[in-house]
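Q: One structure coming up, written as structure tokens, with questions to follow.
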Amino acid sequence: MSANAHRPQETEDAGGKIIRDIVFGYVPITALDRTLIDTPIFQRLKRIRQLTAFSLYPSANHTRFEHSLGVMYIGSSVFRSLYARGDLDWAIKKADISHPQLDMTVRYACLLHDVGHAPFSHVGEAFYDASDIWVQVCAVNPQLAHALGPECPETGKHELMSCLVALKHYARELSAKVDLELLCRMICGVRYQPAQERSVLNPVIEILNSTYDVDRLDYVLRDSTTTGTFGVSIDYERLIRGYAVREKTLLFLRRSLPSVVNLITGRDFLYQWLYNHHTVAYSDLLVERTLAGAFAQKDATCADLFSLGAIESGADDCTLWEVLKRQYNAGDRYAKPLFERKFHKALWKTPYDFVAGRLSTPVRIRLWDQAKVGGQQPGDISELEKLLCEHCGVEEGTILVANRIVKHFNPTTNRQVCFWIKDTAKEYGEVCGGSPFAGGPTDYPLIFYDADAVERETLLKTIREVV
């Protein structure tokens, strides 16, 4: 199948453009797309890197901008594949929404799904105040906020911020062309209740927000490409054609099974060896601690960097680096390694090392329990970290603790990935068995130490004695 098989037809309209993408090749952009893309708020995404893995993979310089374009391309392609097959005919009739409006809603929900991302992406997102964002959503469009329901504030922080930005800055342009409530539901992953008439649109919401949606498909492909960490080969065109709606559920056709297995394996590979790599965890921790210090010293405020006002003023990675640089010049202990790359050593590097290491099972369990005490807010120091520094006789910052959660796909607990086989929806676990990563540890602490100030054996001995 050619690379252009799913291209939107209206890209030949006057004012449209073609963009060369590193993952999908030539991606068409319509004139209406450009009215959203060519705005300061969306252009800001060119200065928000997708990953904070700069200390590990110097080539990982791709941004939220190209990721958003990629998600728009895949999302539109999946929608049009479903529509061409007739999978959405009943939903369109039942929900009383036109095909063009639904098409536009999917396209622009995908385009704008990350427009509210913070500087340094997920590291910065932790500083967002979800309750404050929701108050602003309610103020901008109270009727829509009521329709979304009380579960909306419980969604991801950056998704909620993206919804707010879309309502405040793009609603005027889009209100006559899209269903704004559905657009926000797609961004935030808020499905309609089964009893609601519009629950027939839940499969459309799942195109952008489900276990293996187009957002995940793009970032698995894009992050693998830019870092060179190809766990498996993923046939995205086969996946686009493999999405289907059966029994009011978005699932995959049987023919796409190998590609889905590769996508799941590839995503788990990235979570294990890239997103939770000990070097990435360490540098993220340094950024959080440095920012916490800057806020405590009034060198900057959370609102300067992580708020709607910050987005509107163009706050980006460069803005955050300026804060980090000022802290470094002021002698901040956490900023120093970021600029000089004098990193602490990891006591263990993977969850497998943690389990198979030199600590007994009871000690490991107590260690993990204590690592979660304190340190609940970004930049906070855990009680375990304070305890280890005190008993090793070293100053604060010599020993650091980071908590990690590896989000592996587990077919025994996650029932949302299904295949349509012999006119029946079959769950992933029934068809493929387990994931190669699902049996490993998912939650664990990483401990980093300054090898010039404390020896590895001394630290291990201290852990056994005091934990």
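Bear in mind that the values in this text are calculations on the coordinates, not laboratory data. Since this is a predicted model, take the numbers as computed values, not measurements. Glycine gets a Cβ as well: all are built from the backbone with ideal geometry, and neighbour counts include every protein chain shown.
Q: With a cut-off of 8 Å between alpha carbons and a minimum separation of six or more residues, what is the relative contact order of the chain in percent?
A: In percent, rounded to a whole number, it is 15.
Q: By average Cβ neighbour count within 10 Å, what is the ranking of 258-268, 25-35 from highest down?
A: 258-268, 25-35
Q: Report the label-to-label distance for GLU340 and ARG255 in nanometres (one decimal), using points 7 Å from each Cα along the Cα→Cβ vector.
A: Inter-label distance under the simple model: 6.0 nm.
Q: For the range 179-258, what does the alpha-carbon gyration tensor say about shape, rounded, prolate or oblate, given a ≥ b ≥ c as the root eigenvalues, a/c under 1.5 as rounded, and a/b over b/c as prolate?
A: The shape class here is oblate.
Q: Looking at (1) 23.2, 72; (2) 23.6, 77; (3) 22.0, 68, which value of Rg and Dmax of the Cα atoms in Å comes from a calculation on the structure shown?
A: Entry (1).
Q: Among residues other than TYR334 whose Cβ falls under 14 Å from its Cβ, what is the net charge (Lys/Arg +1, Asp/Glu -1)?
A: Here the charged neighbours net out to -3.
Q: To continue, here is another question. Taking a spot 7 Å from the Cα of ARG85 along the direction of its beta carbon, which residues of the range 195-225 have an amide N less than 13 Å from it?
A: Those under the cut-off are none; the list is empty.
Q: Consider all pairwise Cα distances in the range 9-228 and report the whole-number % of them above 21 Å.
A: Counting pairs separated by more than 21 Å, the tail of P(r) holds 54 percent.
Q: Shifting gears a bit: If we count every other residue with Cβ under 12 angstrom of SER121's Cβ, Lys/Arg +1 and Asp/Glu -1, where does the sum land?
A: -2
Q: Still on this structure, I have one more. When the chain is fully extended, how far beyond the present Cα-Cα distance does ASN61 get from GLN43, taking 0.36 nm per residue of separation?
A: 4.9 nm
Q: OK, next. Hey, rough spin-label estimate for PHE54 and GLU455, points 7 angstrom out along Cα→Cβ, what's it come to in nanometres?
A: Calculated label separation equals 3.7 nm.
Q: So if we plug the beta-carbon distance of GLU197 and GLU395 into 1/(1 + (r/R0)^6) with R0 = 41 Å, what FRET efficiency do we get, rounded to 0.05?
A: About 0.05, to the nearest 0.05.
Q: To the nearest 500 deg cm²/dmol, what mean residue ellipticity at 222 nm is calculated for the chain from DSSP H runs of n ≥ 4 alone, each contributing -39,500 (n - 2.57), summed and divided by the residues?
A: The per-residue figure over the chain is -14500 deg cm²/dmol.
Q: Do the alpha carbons of any pairs in LYS94/LYS157; LYS93/LYS157; LYS298/LYS386; LYS94/LYS177; LYS168/LYS298; LYS349/LYS426 sit beyond 26 Å of each other, and which pairs?
A: Where the Cα-Cα span goes over 26 Å, the pairs concerned are LYS94/LYS157; LYS93/LYS157; LYS168/LYS298; LYS349/LYS426.
Q: Net charge around TYR219, counting only other residues with Cβ within less than 15 Å of its Cβ (Lys, Arg = +1; Asp, Glu = -1)?
A: Charge balance in the 15 Å sphere: -4.
Q: Relative contact order for the range 9-228: what is it in percent, counting Cα pairs under 8 Å that are at least 6 residues apart?
A: Value for the range 9-228: 21 percent.
Q: Continuing with the same structure: Just subtract the alpha-carbon distance of ASP380 and GLU427 from 0.36 nm times their residue separation and send over the number in nm, one decimal.
A: 12.9 nm
Q: Okay, moving on. Specify the inter-centroid distance of the range 138-157 and the range 161-233, based on alpha-carbon positions, in whole Å.
A: Taking the Cα centre of the range 161-233 as reference, the centre of the range 138-157 is 16 Å away.
Q: Next question, about the same structure. Tell me, what is the FRET efficiency for ILE18 and GLU173 to the nearest 0.05, using R0 = 25 angstrom and their Cβ-Cβ distance as r?
A: Calculated value: 0.65.
Q: Right, next: Got a sec? Charge dipole of the range 9-228, +1 on Cβ for Lys and Arg, -1 for Asp and Glu; which of LEU180, ILE92, PHE120 is way out at the positive end?
A: So the residue we want is PHE120.
Q: Beta carbons within 10 angstrom, averaged per residue: use that to sort the peptides 301-313, 277-289, 237-249, highest first.
A: 277-289, 237-249, 301-313
Q: At 7 Å along Cα-to-Cβ for each site, give me the label-to-label distance between TRP321 and ASP299 in nm.
A: Taking the two extended label points, one gets 1.6 nm.
Q: How would the range 33-155 be classified by its alpha-carbon gyration tensor: rounded, prolate or oblate, with rounded meaning a/c under 1.5 and the a/b versus b/c comparison settling the rest?
A: In terms of gyration-tensor shape, oblate.
Q: Relative contact order for the range 345-467 using alpha-carbon pairs under 8 Å, separation at least 6, rounded to a whole percent?
A: RCO, the range 345-467: 37 percent.
Q: Can you compute the FRET efficiency between ASP353 and LYS93 using 1/(1 + (r/R0)^6), with r the Cβ-Cβ distance and R0 = 56 Å? Round to the nearest 0.05.
A: Once the sixth-power term is evaluated, E becomes 0.50.
Q: Taking the highest mean first, how do the peptides 105-111, 350-356 order by number of other beta carbon atoms within 10 angstrom per residue?
A: 105-111, 350-356
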